[in-house]
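The values are calculated or read from the model by the stated rules, or taken from the named source; none is laboratory data. Keep in mind the model is a prediction, meaning the values are calculated, not measured. Glycine gets a Cβ as well: all are built from the backbone with ideal geometry, and neighbour counts include every protein chain shown.
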Amino acid sequence: MTTGKFITFEGVDGAGKSTHIAAFADSLRQHGRTVITTREPGGTELGEQLRSLLLHEPMHLETEALLMFAARREHLAQVIAPALARGDWVISDRFTDATFAYQGGGRGMSLDKLTQLEQWVHGDLQPDLTLLFDVPLEVARERLQKSRDLDKFEQEQDDFFIGVRQVYLQRAAQFPQRIRVIDATRPIDAIADELQQVADSLCGE
Ligand code: TMP
């Protein structure tokens, strides 16, 4: 029996990662894998309720981090862990790297505290692979200008975005075996080709 893999997509708002998730999942399915796609914050009924609070209500930065991890705890228990135990593949649009990047790099919460929460919630489970969609601030801004209803995070100032990106890139340097940086300034087709190669190599081609 093949064992499932846990793959996460990450990046600053406007990096374009969500566009590629469905196609990436389909590539894995064409290789015969059973794949579920999900997202954070969210992925469960409770998690989606927490998501709407997190994306729209102002709150203390530690409350924000705790609610991100609360939603994640539920997501792990209800969706991610059972799917992996069945041997399915799980693709999540964001996971804990986002908390380090946004609540740590963006808001300035202590990375040590975030590491403690990570240990508590999923010390023994990390993604097998993280695809980090990287774009500089100007590209992210230009893409976000095209969307109408910006959430709380998307409305943040430049220094917030810069802090988020910086922590993402630091983590990519810290965990090079797990995190693959995708140059997301390139045209969509070029990124899709790279992701197809990633899917093929994950499935042993
Ligand atoms: P999305 O726009 O990619 O769906 O993500 C929702 C927003 O939530 C995005 O701006 C990043 C933010 N976020 C955090 O701040 N911390 C987290 O842990 C996660 C998962 C998302």
- In region 114-127, is there at least one residue being within 13 Å of the ligand (Cβ to nearest atom), assigned to a loop (DSSP other than H, G, I, E, B), touching a Leu at 6+ places or on another chain (Cβ under 6 Å) and within 22 Å of residue 50 (Cβ to Cβ)? no
- Looking for whichever is closer than 27 Å to residue 156 by Cβ, more than 13 Å from the ligand (Cβ to nearest atom), at pLDDT 95 or above and surrounded by 13 or more Cβ atoms within 10 Å (Cβ to Cβ) here; the options are 46, 67. Which one fits? 46
- Query: Is there a residue in region 86-93 that is over 19 Å from residue 195 (Cα atoms), hydrophobic (A, V, I, L, M, F, W, C) and either in contact with a helix residue (DSSP H, G or I) (Cβ under 8 Å, 6 or more places away or on another chain) or in contact (Cβ under 8 Å) with a residue 40 or more places away in the chain (or both)?
  - Reply: no
- Task: Output the residue which, of all residues in region 1-20 that are in a helix (DSSP H, G or I) and more than 9 Å from the ligand (Cβ to nearest atom), is surrounded by the most Cβ atoms within 10 Å (Cβ to Cβ).
- Result: 20
- Task: Would you check which residues across region 40-56 are in contact (Cβ under 8 Å) with a residue 40 or more places away in the chain and among the charged types (D, E, K, R) and list them?
- Result: 40
- Query: Name the residues in region 179-205 that are crowded, with 16+ Cβ neighbours inside 10 Å and of a type in the set (Lys, Arg), would you?
  - Reply: none
- Task: Sort through 135, 90, 79 and tell me the only one that's closer than 19 Å to residue 202 by Cβ and among the β-branched types (Val, Ile, Thr).
- Result: 90
- Query: Which condition breaks for residue 132 when tested against (1) more than 16 Å from residue 54 (Cα to Cα); (2) without any contact (Cβ under 8 Å) to a residue 60 or more places away in the chain; (3) of a type outside the set (Ser, Thr, Tyr)?
  - Reply: (2)
- For region 135-169, enumerate the residues that are touching a residue at least 24 places away in the same chain (Cβ under 8 Å), away from the ligand (no atom under 11 Å from the Cβ), surrounded by fewer than 18 Cβ atoms within 10 Å (Cβ to Cβ) and in a helix (DSSP H, G or I). 137, 139, 141, 142, 143, 162, 166, 169
- Query: Regarding residue 37, is this residue surrounded by fewer than 22 Cβ atoms within 10 Å (Cβ to Cβ), more than 10 Å from the ligand (Cβ to nearest atom), within 25 Å of residue 202 (Cα to Cα) and modelled with pLDDT of 95 or more?
  - Reply: yes
- Going by the conditions given, is residue 75 over 18 Å from residue 28 (Cβ atoms), more than 8 Å from the ligand (Cβ to nearest atom) and within 14 Å of the chain's Cα centre (by Cα)? yes
- Considering only region 21-101, give the helices (runs of 4 or more DSSP H) lying wholly within it that have at least 2 residues that are farther than 23 Å from residue 132 by Cα. 45-56, 61-75, 81-86
- Note: among 80, 91, just one is more than 11 Å from the ligand (Cβ to nearest atom), farther than 23 Å from residue 15 by Cα and crowded, with 22+ Cβ neighbours inside 10 Å, namely 80
